[in-house]
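Here's the structure we're looking at; comments come further down.
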Amino acid sequence: MNGMINTNTENNERGLLPYPIILAANKGEAEAMKVVVLHYESYMTSLSMCKIRDEHGNTYWGINEDTRDRLRTKLMQSVLAFKI
């Protein structure tokens with residue numbers, strides 16, 4: 001894609017990614033892939049939440065960075081491998 005990528009999903013009530021973004025990301029365009037990853041970032045973060053115990057034995061909810069990184073990598077691989 002040449003130029004600036006339009007990430008405005010305001011007119012789309014479900015907040016879906018525009019088809020040109022998906023198509024560009026599928027072709028390996030870095031900026032489009034960045035838009036796709038940012039679109040799903042909060043979902044991947046919520047999937048990465050787990051109970052963590054600190055050195056004092058306190059338990060709290062936190063983000064498992066390894067899980068989030070694996071989800072991000074899998075998303076990018078799937079976008080690139082998807083047959084359009």
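The values are calculated or read from the model by the stated rules, or taken from the named source; none is laboratory data. Computed from a prediction, not measured in an experiment: that's the story for all the values here. As a convention, Cβ positions derive from the backbone with ideal geometry for all residues, glycine included, and neighbour counts pool all protein chains shown. The area values use the complete protein model at the heavy-atom level, side chains included, leaving out ligands, DNA and RNA. Shrake-Rupley method; radii C 1.70, N 1.55, O 1.52, S 1.80 Å.
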Filtering the stretch 21-60 down to residues that are small (Gly, Ala, Ser) and farther than 13 Å from Leu80 by Cβ, which residue is surrounded by the most Cβ atoms within 10 Å (Cβ to Cβ)? Ser48
Could you list, in sequence order, all residues of the stretch 65-83 that are open to solvent by less than 100 Å² (accessible area, probe 1.4 Å) and more than 15 Å from the chain's Cα centre (by Cα)? Ala81
